[in-house]
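Asks: Below is a structure I'd like to ask you about.
The values are calculated or read from the model by the stated rules, or taken from the named source; none is laboratory data. This one's a predicted model, so the numbers in the text were calculated from it and none came from an experiment. Virtual Cβ from ideal backbone geometry, glycine too; neighbours counted across all protein chains shown.
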Amino acid sequence: MSLLQQADWYKDSIIYQLHVRTFYDSNGDGIGDFRGLQQKLDYLQELGVTAIWLLPFYPSPLRDDGYDIADYCSVHSSYGTLEDFKSFLAAAHERDIRIIIEMVLNHTSDQHPWFQESRSSRNNPRRDWYVWSETDDRYHGARIIFLDTELSNWAWDPISKSYYWHRFFSHQPDLNFDSPAVREAIWNVMKFWLELGVDGFRLDAVPYLVEREGTSCENLPETHEILRELRRRLDDSFPAKMLLAEANQWPADVCAYFGQGDEFHMAFHFPLMPRMFMSLKLEDRKPILDILQRTPTIPETCQWCIFLRNHDELTLEMVTDVERDYMYDEYARDKSMRINVGIRRRLAPLMDNDRRRIELLNGLLMSLPGTPILYYGDEIGMGDNVYLGDRNGVRTPMQWSGQWNGGFSSADPERLYSPPISNPVYGYQAINVESQRRSEHSLLSWKKRLIQVRKSSQAFSRGSIEFLHPPNHRVLAYVRQLGKERVLVVNNLSSSAQAVELDLSKYKGSIPIEMSGKTIFPRIGELPYLLTMGPYQFYWFRLRKI
Amino acid sequence: MERQVSEDSFLSDDFLRQLISVGNVDLLVGILSRNDSSTIGKVVSAAEEALLRKFPRERIALVHVDGGSKDGTSEALKEASTLGASSGMGSLRTLRWISTGSDNSWQPANMVRTVLTAADLLHAKGCAVLAASTENPTPSSVESLLHPVYREDYDFVAPLYSRHKYDGLLTRNFLYPLCRALYGKPVRELRASEFAFSGRLAGYCLSRGEWQNEGLQGGAEMWLAITAMSNGFRCVQSYLGEKPRAKSNAGVVDAIRHAVNGLFWCLESTESYWLKGAAPDSLPTIGPEHKLTSESIRVERKRIFQMYKSGVAELSQILSGILNQETHAELNRLADAGEEEFRFSNALWVRIVYEFAAAYHHSVINRSHLVQAFVPIYRGRVYSFLTQHRSAGSDAMEADLENLCQEFDRQRNFFFERWRTKGQGAS
């Protein structure tokens, strides 16, 4: 069965996250576009990607990188046309690649016609599509999310002479989900894209849809009811489509968004991400073990999404103060690398460009429970530019070759939406797809092989996990199991060689076969299984009963 | 009993396996125990709290070395530990205890050596040794020991306590002034049950082939301090507050013998250093000085005096082979004095100490007999000390201690001469 026909395809996916603007410019205007992206689909297929998550590409004043949508049913002119999108979508599906698009439910841009109408008069039929108030004294329990820029969740509108509610920037008024018309309009937006053929939505900022006095206005039962309703309509009309929740919360709180398998299909596991980095720096499995042991079981049809880096900062909201200080000290000693509550750096610079550590983190990403999301450019080890402001330093043009503009665009360099990385270590002359394609031992080639191996066993994507607890805490070991398929994963988190004795007695008689080289290891017996591991080395063994 | 790797190694296979599993660390804390089930819990709690609060980022090994407890000491440790099976809440890293021990009642030196070896093998930057017999340990004292070696690059940290004036008399009358005179460094607590050292010092000490020597068995911690002082390692004293009470597993006589034997043996092993005449040197001191709050100590002065008198009389023949004639005669005269007029002068005390040390060096008699003969004389000195300082305040006590130290300095050349030349006993 083709991946596209599977109902729970998202469980086995390898998702690649990108912004159209950053990937490939087909018309030489300095901005990536859908035609350019379509031209690069072969590359993504070759990499092993089975789904693409597109960051917002809608018409927008771009005051929040497209998360301020001014028109839900169109494409920003810089990225092409709706026809270009349709063509791209079809081309992706031809390659068995699913398309997940970003959908911002909670708010629109203040330039959106809905808001313009709503503010135009108190009698306008769309007046109640947003949350208006005569005072700024309501919903005190709601925290201000962007503390750096916003003083209140209310903003004064001089046109309608009243306050409107916004959980994010003041130019992003929150939609009023208590209004049936709003809920219908949002469903219509989703239906529009579903009918075009998109395979799923990443729903942004879902905890904030509903406001109630005396609450934090987050994760409210009414919000869940709205989400369940969306899911019901989705399943009724568009089976095998997927909803992915963005809820930067502790796993126990995020679980509510899976419901009884009747809300989201997938949700990000935010707290795991910083702990993978922490474990590596601490050379200790404790942070990863702790958070995964505190992660509740989720409904059978649901799946976590896990990631190393994305378009935002490496968020440190879901860590303790002590852990946050540690992360800052170890990964962002230079204060310019910090933003909001996180670190605005890419994977390779975070790892000091150490290939072994980059590989180990990717190994964890591909072997821990969940669907992995790869951030564009990390497969070749792209760098960042912390001097670009906001989080633009991790959103620079994809580096395709050592040629003009890194092969991203034929435009004059000054015209590019962002300067490409050009330093001698991470610049496009040194780090690019073309040169890495030529080498069997490049990071890109290694990554392709890793993905192949991951895909070779559904134990990784669907299996249970059982942690082993060898005395050596620098080693993180676990068994992923699906039916009779068992994969033993052993990771040395340390910068030095380690010996580890694993209690594999319950697998006595099995023969471990190292999955990348298909090498046979000694049969498992009664005694602890001794492995010696090089610095940052990891093994994936298929345990076979022969 | 744990199986040994080979005859050449005193580390068991099991302990080595545990060390491998811990891997390299920044800090190591060793707790030494023998039948300390009633107190080890508090020491464990203090150590864990200090580490979790003050060193949450560091790679840490907690090592329990037991000298053959039969009272459930190891179980008491497990019960008291909050770290659980594999990790400690509140710490960024995994924290857990590893342990080793012996059914054969290890000598304390072997226990210290085990901690040194663990620190060396795990490349610890700093290591603190704590006694499980301590009855009132505090997290701050653990931190005060570790901080100087870990953060300030010191190699040896000796504790500095507030003590009652009758507490630590052996230290006050013998260990401290003698070492200060010979090594130049005013280390107040040479024979401490809690101290810290650097990985550098651990490696150096382990490389010395002196671990089998009997002299070291009685005072490995003293040898460690003296080795640090006499080999250019950076030493410091750290105020830990009031001297913790410790449940004593050894008798008073044994304690005196071990201290005397240990120090005399140390003098021998480091003679090339102190015979050059070390210049007096100051020693940095870290932390706030603490006020003494403990209750007064009851002492049986009369009994001490009687033991002194009978001991000197019974051992007269042995003493005549150790002390020169004049000294022995003076000691005898003193022994005839009544309780009230008895005064053991600094000058006589220092001369006797030096003559005993020289006699030990020259092995004029069996060394253990020699050390045994020192005990009653020490009792006489203690009796005199108690009588003289019955109503003395802390300033007067310090002034008196300074006088004693100066007396040790004044007679130093006499001692050097006796040390270099054999055969000046009375017989």
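Asks: Looking at this structure, is B:ALA109 at pLDDT below 85 and over 21 Å from B:LYS54 (Cα atoms)?
Replies: no
Asks: Could you list all residues from segment A:332-357 that are surrounded by 23 or more Cβ atoms within 10 Å (Cβ to Cβ) and assigned to a helix (DSSP H, G or I)?
Replies: Once the filter is applied, which keeps residues that are surrounded by 23 or more Cβ atoms within 10 Å (Cβ to Cβ) and assigned to a helix (DSSP H, G or I), segment A:332-357 yields A:LEU347, A:ALA348, A:LEU350.
Asks: Hey, any hits in segment A:89-103 for a residue that's in contact (Cβ under 8 Å) with a residue 24 or more places away in the chain and within 20 Å of A:ASP178 (Cα to Cα)?
Replies: yes
Asks: Go through segment A:251-272 residue by residue and tally those that are of a type in the set (A, V, I, L, M) and surrounded by 23 or more Cβ atoms within 10 Å (Cβ to Cβ).
Replies: Final tally of qualifying residues: 4.
Asks: List, please: which pairs have Cβ atoms under 9 Å, are six or more places apart or on different chains, and start with a residue in segment B:315-340 that is closer than 22 Å to B:GLN372 by Cβ and not assigned by TED's automatic domain parsing to the domain that holds B:ALA359 and end with one that is buried (at least 20 other Cβ atoms within 10 Å of the Cβ) and not acidic (Asp, Glu)?
Replies: Close Cβ pairs (under 9 Å, with a partner that is buried (at least 20 other Cβ atoms within 10 Å of the Cβ) and not acidic (Asp, Glu)) do not exist here.
So that you can scan it fast, the table gives a plain yes or no per residue for (1) of a type in the set (Lys, Arg); (2) at pLDDT below 95:
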| residue | (1), (2) |
| --- | --- |
| A:LEU374 | no, no |
| A:GLU379 | no, no |
| A:MET382 | no, no |
| A:ASP390 | no, yes |
| A:PRO397 | no, no |
| A:ARG415 | yes, no |
| A:PRO419 | no, no |
| A:ASN423 | no, no |
| A:TYR428 | no, no |
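Asks: Which one of the conditions (1) surrounded by fewer than 18 Cβ atoms within 10 Å (Cβ to Cβ); (2) outside any loop (DSSP other than H, G, I, E, B); (3) not β-branched (Val, Ile, Thr) does A:LEU89 fail to meet, given that it meets all the rest?
Replies: Result: A:LEU89 passes all but (1).
Asks: Right, another one. Quick one: which strands (runs of 3 or more DSSP E) sit completely within segment B:96-180 and have at least 1 residues that are within 30 Å of B:LEU348 (Cβ to Cβ) and in contact (Cβ under 8 Å) with a residue 60 or more places away in the chain?
Replies: B:156-162
Asks: Can you find, within segment A:465-477, the residue that is farthest from the other protein chains (Cβ to nearest Cβ) among those that are part of a strand (DSSP E or B) and without any contact (Cβ under 8 Å) to a residue 40 or more places away in the chain?
Replies: Among residues in segment A:465-477 that are part of a strand (DSSP E or B) and without any contact (Cβ under 8 Å) to a residue 40 or more places away in the chain, the one farthest from the other protein chains (Cβ to nearest Cβ) is A:GLU466.
Asks: Within segment A:420-437, is even one residue closer than 24 Å to A:MET327 by Cα and outside any helix (DSSP H, G or I)?
Replies: Yes: one or more hits.
Yes or no, residue by residue, for (1) touching a His at 6+ places or on another chain (Cβ under 6 Å); (2) modelled with pLDDT of 95 or more; (3) not acidic (Asp, Glu):
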{"position": "A:ARG285", "(1), (2), (3)": "yes, yes, yes"}
{"position": "A:ILE288", "(1), (2), (3)": "no, yes, yes"}
{"position": "A:ILE306", "(1), (2), (3)": "yes, yes, yes"}
{"position": "A:VAL322", "(1), (2), (3)": "no, no, yes"}
{"position": "A:MET327", "(1), (2), (3)": "no, yes, yes"}
{"position": "A:ASN340", "(1), (2), (3)": "no, no, yes"}
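Asks: Look at A:PHE268 and say whether it is in contact with an Asp or Glu (Cβ under 9 Å, 6 or more places away or on another chain), more than 14 Å from chain B (Cβ to nearest Cβ) and at pLDDT 95 or above.
Replies: Criteria met by A:PHE268.
Asks: Restricting attention to segment B:27-57, and to residues there that are in contact with a Gly (Cβ under 9 Å, 6 or more places away or on another chain) and within 11 Å of chain A (Cβ to nearest Cβ), which single residue is nearest to B:SER102 (Cα to Cα)?
Replies: Going through the qualifying residues, I end up with B:LEU52.
Asks: Would you point out which residue out of B:VAL353, B:VAL364 is in a helix (DSSP H, G or I) and either out of contact with any His (no Cβ under 8 Å at 6 or more places or on another chain) or in the same structural domain as B:THR327 (by TED's automatic domain parsing) (or both)?
Replies: Of the residues listed, the single one that is in a helix (DSSP H, G or I) and either out of contact with any His (no Cβ under 8 Å at 6 or more places or on another chain) or in the same structural domain as B:THR327 (by TED's automatic domain parsing) (or both) is B:VAL353.
Asks: Can you find, within segment A:478-499, the residue that is nearest to the chain's Cα centre (by Cα) among those that are at the interface with chain B (Cβ under 8 Å from one of its Cβ atoms) and not in a loop (DSSP other than H, G, I, E, B)?
Replies: Once the filter is applied, the top-ranked residue is A:GLN498.
Asks: Quick one: which of A:GLU229, A:GLU283, A:GLU195 is more than 14 Å from chain B (Cβ to nearest Cβ) and in contact with a Lys or Arg (Cβ under 8 Å, 6 or more places away or on another chain)?
Replies: A:GLU229
Asks: Can you list the strands (runs of 3 or more DSSP E) lying wholly within segment A:145-254 that have 2 or more residues being at pLDDT 95 or above and of a type outside the set (Ser, Thr, Tyr)?
Replies: Here the list reads A:154-157, A:200-204, A:242-245.
Asks: Across segment A:500-519, which residue is nearest to the other protein chains (Cβ to nearest Cβ) among those that are within 25 Å of A:ARG357 (Cα to Cα), hydrophobic (A, V, I, L, M, F, W, C) and not in a loop (DSSP other than H, G, I, E, B)?
Replies: Among them, the one singled out is A:VAL500.
Asks: Just to check your reading of the model, which residue among A:LYS545, A:LYS455, A:LYS506, A:LYS518 is of a type outside the set (S, T, N, Q), over 24 Å from B:ARG96 (Cα atoms) and surrounded by 14 or more Cβ atoms within 10 Å (Cβ to Cβ)?
Replies: The match here is A:LYS455.
Quick grid of which residues meet (1) at pLDDT below 95; (2) part of a loop (DSSP other than H, G, I, E, B):
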| site | (1), (2) |
| --- | --- |
| A:LEU4 | yes, no |
| A:THR22 | no, no |
| A:SER26 | no, yes |
| A:VAL49 | no, yes |
| A:ILE52 | no, no |
| A:TYR58 | no, yes |
| A:TYR67 | no, yes |
| A:ASP71 | no, yes |
| A:ILE100 | no, no |
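Asks: Next up: A:ILE97 - would you say it is under 21 Å from A:ARG63 (Cβ atoms), among the aliphatic types (A, V, I, L, M) and surrounded by 14 or more Cβ atoms within 10 Å (Cβ to Cβ)?
Replies: no
Asks: How many of the residues in segment A:379-401 are buried (at least 16 other Cβ atoms within 10 Å of the Cβ) and assigned to a loop (DSSP other than H, G, I, E, B)?
Replies: Count: 15.
Asks: What are the residue pairs meeting all of these: first residue in segment A:198-212, first residue without any contact (Cβ under 8 Å) to a residue 60 or more places away in the chain, second residue polar (S, T, N, Q), Cβ atoms under 6 Å, and 6 or more apart or on different chains?
Replies: A:PRO207/A:ASN219; A:VAL210/A:THR223
Asks: Within segment A:521-532, take every residue that is in a loop (DSSP other than H, G, I, E, B) and within 13 Å of chain B (Cβ to nearest Cβ) and give me the one that is surrounded by the most Cβ atoms within 10 Å (Cβ to Cβ).
Replies: Out of the qualifying residues, it is A:PRO528.
Asks: Continuing with the same structure: Taking into account only those residues within segment A:190-224 that are under 13 Å from A:TYR257 (Cβ atoms) and hydrophobic (A, V, I, L, M, F, W, C), which is surrounded by the fewest Cβ atoms within 10 Å (Cβ to Cβ)?
Replies: Checked segment A:190-224; the qualifying residue surrounded by the fewest Cβ atoms within 10 Å (Cβ to Cβ) is A:LEU220.
Asks: Can I ask one more? Hey, could you check segment A:317-373 for residues that are within 14 Å of another protein chain (Cβ to nearest Cβ) and among the aliphatic types (A, V, I, L, M) and say which is nearest to A:PHE538 (Cα to Cα)?
Replies: Of everything passing the filter in segment A:317-373, A:MET327 is nearest to A:PHE538 (Cα to Cα).
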